[in-house]
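Heads up: the structure comes next, in structure tokens.
The values are calculated or read from the model by the stated rules, or taken from the named source; none is laboratory data. Computed from a predicted structure; not experimentally measured. Ideal geometry is used to build each Cβ from the backbone, glycine not excepted, and the neighbour counts take in all protein chains shown. Heavy atoms of the whole protein, side chains included, go into the accessibility calculation; ligands, DNA and RNA do not. Shrake-Rupley method; radii C 1.70, N 1.55, O 1.52, S 1.80 Å.
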Amino acid sequence: MREIKNFINSEFRASESGKTFDDLNPATGQVIARVHEAGKAEVDEAVAAARDALTGPWGYMPSDERMALLHRIADGINARFDEFLEAECLDTGKPMSLASKIDIPRGAANFKIFADLVKNVPTESFMLDTPDGAGALNYSQRKPKGVIAVVCPWNLPLLLMTWKVGPALACGNTVIVKPSEETPATTSLLAEVMNEVGMPPGVFNVVNGFGPDSAGAFLTAHSGVDGVTFTGETRTGSAIMKACADGIRQISFELGGKNPGIVFADCDLDKAIEGTLRSVFANCGQVCLGTERMYIERSIFDEFVTRLKLGAEKLQPGRWNDAATNIGPLISAEHRDKVLGYFDKARTDGAQVVTGGGAFELEDDLAGGYWVQPTIWTGLDDNAAVVREEIFGPCCHVRPFDDEAEVIALANDTRYGLAAAVWTENLTRAHRVAGQINAGIVWVNSWFLRDLRTPFGGMKHSGIGREGGVHSFEFYTEMKNICIKL
Ligand code: NAD
Ligand code: 6OD
């Protein structure tokens with residue numbers, strides 16, 4: 001059985017307490033690895049190693065050398081692309097058709113893009129007039145924040161981890177990653193790459209385990225951690241925020257969503273259907289930016305629903321390495337039960353089930369996996385649970401609307417504010433509607449089209465702060481001003 005150990009000060013370490021837990025393949029329910037759980041002692045050691053590394057060779061490394069190292073990490077991931085791909089697909093069940101285009105290439109690219117950004121982003125300077133006429137020169141400098149805890153979810157494990165580790169290292173910090181307990185494999189592979197490229201000890205550390213009373217809670221409450229960057233559920237964010245109140249440690253949060261999709265009658269319907277099939281069902285609906293509420297202008301409602309149903313029914317579940325597979329399982333039995341609970345709730349609340357509504361019955365070893373059907377509902381009240389709460393499954397409710405003001409109000413009627421997709425060929429309408437939706441990102445005629453130089457994050461309960469491009473530097477550095485009296 002493969003063992004996944006903690007990674008502290010460049011060494012893979014077995015759990016000191018002897019505690020391990022199983023890593024399951026969600027496509028089959030079978031155990032694929034045994035994971036060593038980090039206790040308080042290991043978290044202390046990881047934090048101490050990360051603190052020491054700040055003043056070691058890493059702290060003095062010229063920035064050109066640091067950026068070259070980050071490029072080598074990306075090259076190191078790409079050199080072992082197939083291993084990363086298999087590890088990610090086995091941990092999540094997602095098809096290689098998805099992970100080979102999104103998870104692994106983006107996971108690698110996150111190191112290069114932030115290395116290049118750090119090299120090219122200037123800081124400001126101001127000349128100040130003084131009464132003696134000589135003046136003063138002010139200029140600012142960015143300094144690494146220090147030791148950063150990176151707490152990760154399971155839905156895009158490598159991509160969402162490197163999205164934070166990339167900029168954190170580019171800015172000169174050291175990191176301790178706590179991968180999701182469901183998906184530790186690619187973080188461990190990345191630790192191997194760190195050693196291959198010669199990353200100094202203590203710069204990149206990994207502690208495995210759970211949240212409460214385990215590695216996640218120990219790490220986020222640790223006084224030696226200067227900042228916590230977290231992606232996950234809003235409820236977990238609230239617990240981490242409380243932990244960080246002690247010691248006034250800073251946070252950056254990417255949290256849940258209940259994202260709307262809006263389709264106007266003047267859209268290109270082929271594009272809107274194709275994009276909506278992706279935004280609802282990609283990664284089996286387990287994408288924070290995914291759409292779970294669809295609003296369709298009434299004149300095209302019936303045609304839209306019919307075509308979305310046809311597309312959903314063509315989705316093919318199966319093994320990750322089968323080229324025909326385009327939908328995987330949910331991440332765990334617990335998550336499947338939660339999603340199926342929402343399917344039941346939709347029915348009892350009076351939904352018309354357009355398609356799906358239950359589990360997939362697959363054969364052979366796949367019979368033990370956590371498969372659910374792509375599901376579409378219509379006919380629910382705007383206050384129904386499946387219209388208001390984040391489900392994080394392959395499902396959406398579709399509702400007609402009659403005018404622009406009405407649909408903007410519906411889209412904004414949520415405690416979340418992460419993402420939205422608007423489909424229209426009317427340019428003026430596109431700008432007008434996009435500007436009025438309260439979400440961190442609004443796509444027009446596309447979905448999950450990412451430019452890594454742009455701000456990314458959520459409004460309301462969907463997050464705190466922005467990462468991406470220069471916005472990542474706001475969290476990963478401390479800015480200071482130097483004032484020279486001339
Ligand atoms: P989660 O909150 O259950 O877990 C995320 C991580 O937090 C895991 O590593 C977990 O072990 C850890 N954790 C849990 N409790 C903790 C605690 N008390 N202290 C410290 N660490 C703790 O989230 P998940 O189920 O892994 O991911 C799904 C959720 O993440 C969804 O709500 C989704 O919307 C959200 N998400 C948001 C974004 C975004 O960019 N906004 C991206 C991906 C996922
Ligand atoms: O593309 C990204 O950078 C990003 N953070 C995506 C988040 C996806 C959520 O599941």
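For segment 161-182, what are the residues that are crowded, with 24+ Cβ neighbours inside 10 Å, near ligand 1 (Cβ under 9 Å from one of its atoms) and not polar (S, T, N, Q)?
Residues satisfying the conditions are TRP163, LYS178, PRO179.
Report, ordered by the first and then the second residue, all pairs with beta carbons closer than 8 Å, sequence separation of six or more or different chains, a first member in segment 101-112 that is without any contact (Cβ under 8 Å) to a residue 24 or more places away in the chain, and a second member that is open to solvent by less than 40 Å² (accessible area, probe 1.4 Å).
none
Taking into account only those residues within segment 290-302 that are closer than 25 Å to LEU449 by Cβ and not in a strand (DSSP E or B), which is farthest from ligand 1 (Cβ to nearest atom)?
ILE300
Looking at (1) under 24 Å from SER472 (Cβ atoms); (2) of a type in the set (Phe, Trp, Tyr); (3) open to solvent by 20 Å² or more (accessible area, probe 1.4 Å), find the lone condition where PHE253 falls short.
Only one criterion is unmet by PHE253, namely (3).
What's the number of the only condition in (1) outside the structural domain of TRP447 (by TED's automatic domain parsing); (2) under 30 Å from PHE301 (Cα atoms); (3) among the β-branched types (Val, Ile, Thr) that THR229 fails to meet?
Only one criterion is unmet by THR229, namely (2).
Given the residues VAL305, VAL287, VAL280, which is the only one that is within 16 Å of ligand 1 (Cβ to nearest atom) and touching a strand residue (DSSP E or B) at 6+ places or on another chain (Cβ under 8 Å)?
VAL280
Anything in segment 446-458 that is farther than 28 Å from PRO144 by Cβ and open to solvent by 50 Å² or more (accessible area, probe 1.4 Å)? List them, or say none.
The one that is farther than 28 Å from PRO144 by Cβ and open to solvent by 50 Å² or more (accessible area, probe 1.4 Å): LEU449.
Which one of VAL207, VAL228 is under 18 Å from the mean Cα position of the chain (by Cα) and more than 8 Å from ligand 1 (Cβ to nearest atom)?
VAL228
The rows are residues; the columns are (1) in the same structural domain as ALA359 (by TED's automatic domain parsing); (2) among the aromatic types (Phe, Trp, Tyr); (3) over 23 Å from MET241 (Cα atoms).
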{"position": "GLY379", "(1), (2), (3)": "yes, no, yes"}
{"position": "GLY417", "(1), (2), (3)": "yes, no, no"}
{"position": "LEU427", "(1), (2), (3)": "yes, no, yes"}
{"position": "ALA434", "(1), (2), (3)": "yes, no, yes"}
{"position": "TRP443", "(1), (2), (3)": "yes, yes, yes"}
{"position": "PHE456", "(1), (2), (3)": "no, yes, no"}
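Could you please let me know if PHE84 is buried (at least 23 other Cβ atoms within 10 Å of the Cβ), touching a residue at least 24 places away in the same chain (Cβ under 8 Å), away from ligand 2 (no atom under 16 Å from the Cβ) and in a helix (DSSP H, G or I)?
yes
Looking at segment 426-449, which of the residues that are in contact with a Lys or Arg (Cβ under 8 Å, 6 or more places away or on another chain) and at negative phi is nearest to ligand 1 (Cβ to nearest atom)?
By that ranking, first place goes to GLY440.
Based on what the data block shows, is VAL433 part of a strand (DSSP E or B) and in contact with a strand residue (DSSP E or B) (Cβ under 8 Å, 6 or more places away or on another chain)?
Answer is no for this residue.
Looking only at segment 258-271, decide whether some residue is near ligand 1 (Cβ under 10 Å from one of its atoms) and either open to solvent by less than 30 Å² (accessible area, probe 1.4 Å) or aromatic (Phe, Trp, Tyr) (or both).
For segment 258-271, residues near ligand 1 (Cβ under 10 Å from one of its atoms) and either open to solvent by less than 30 Å² (accessible area, probe 1.4 Å) or aromatic (Phe, Trp, Tyr) (or both): present.
If I ask for residues that are closer than 30 Å to ILE248 by Cα and surrounded by fewer than 19 Cβ atoms within 10 Å (Cβ to Cβ), which ones from segment 120-144 would you list?
VAL121, PRO122, THR123, GLU124, SER125, ASN138, TYR139, SER140, GLN141, ARG142, LYS143
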